[in-house]
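Chemist: This is the structure, below, for whatever I ask next.
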Amino acid sequence: MSNTPIYLKTHLRNFVVLVALSVIALSVYSQGYRGSSYGRYVIPQNAPPKTELVVARWRFGTNGWMGHRGWSHNYPESDENLNEFIRRSTGVNVDVLSYQIVDLSSDSIFDYPFAYVSEPGEMELSLLEVRNLREYIARGGFVLMDDFDGPAQISNMKSQVRRAFPDRNFISLDTSHPLFKVHFSLEDLNGMAPYVPGGDISYHGIINDEGNVGIAAGYNNDLANFWEWYYQGWMPLKPSTDAFRLGVNAVIYSMTH
């Protein structure tokens, strides 16, 4: 019979269990999506219905500033709530579940005319992802980049996008641009500014070969926070409504330009 006190046995047993759980958790995290080279982690994929619109949420190479998780921020609640707003406010055939995680490195990106990118300030794109980004815009695709703030993040985002478009510069997009008028008329982007990190909100665009916006990147904004949290009462109605309207405008713009 062991002479080890009962309380020590309990502590040892709890320690062994904790170590075992930690090993399991680390194993699951490290495996993530098999074949990943930049720390993806397990997150449920969605099987969207066959609707006119399915929103692609891009998963892309990252530098780790957001723990390699920035691409998935606010998923899936923000995706679902935006789709519900689109369904109610437009004639587009879309369902709450009309969204899908799509790898930027995959040819599947070309099946979706509208793509949402979360935390582009964390981008560190592979050569294949760079080629696919350029080709996606060349084919008429539209990308809404969201949720990045601060000088380091905008600098990193622009440097990564310029790898795909070394021949183009970002242009400033203000509320006079059709992007902000195509379905809802947005007069003041900075009505959302007090409720997100950073200072004044500004939008920066890359123009495609046809002269239309192919990428719209919202600096110091976080549309997905509004989309996810509006019904929880954490965000005022007016800026939340503007965030949904801007999202709808981006979708309609992508389908009409």
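Chemist: By the scheme Lys and Arg +1, Asp and Glu -1, what is the net charge of all other residues having a beta-carbon under 11 Å from that of ALA243?
Modeler: -2
Chemist: Sequence neighbours fewer than 8 away in the same chain don't count; with that in mind, list the aspartates and glutamates whose C-alpha is under 17 Å from LYS181.
Modeler: Counting by Cα, and skipping residues close in sequence, LYS181 has these aspartates and glutamates nearby: ASP242.
Chemist: What shape does the stretch 49-256 take by its C-alpha gyration tensor, where a ≥ b ≥ c are the square roots of the eigenvalues and a/c under 1.5 counts as rounded, a/b above b/c as prolate, and the rest as oblate?
Modeler: rounded
Chemist: For the stretch 99-131 and the stretch 152-200, write down the distance between their C-alpha centroids in whole Å.
Modeler: Centre-to-centre distance over Cα atoms comes out at 18 Å.
Chemist: While we're looking at this one, here's another question. Ranking LYS50, LYS238 by Cβ neighbours within 10 Å, fewest first, what do you get?
Modeler: Final ranking by Cβ density, sparse to dense: LYS50, LYS238.
Chemist: About its Cα centre, how strong a charge dipole does the stretch 49-256 have in debye, to the nearest 20, once Lys and Arg get +1 and Asp and Glu get -1 at the Cβ?
Modeler: Using Cβ point charges on Lys, Arg, Asp and Glu, the stretch 49-256 gives about 260 debye.
Chemist: Beta carbons within 10 angstrom, averaged per residue: use that to sort the peptides 87-100, 112-125, highest first.
Modeler: 112-125, 87-100
Laboratory data are not the source of any read-out in this text; all were calculated from the coordinates shown. Because the structure is a prediction, the values reported are computed rather than measured. Cβ sites come from the backbone with ideal geometry, for glycine too, and all protein chains shown count toward neighbours.
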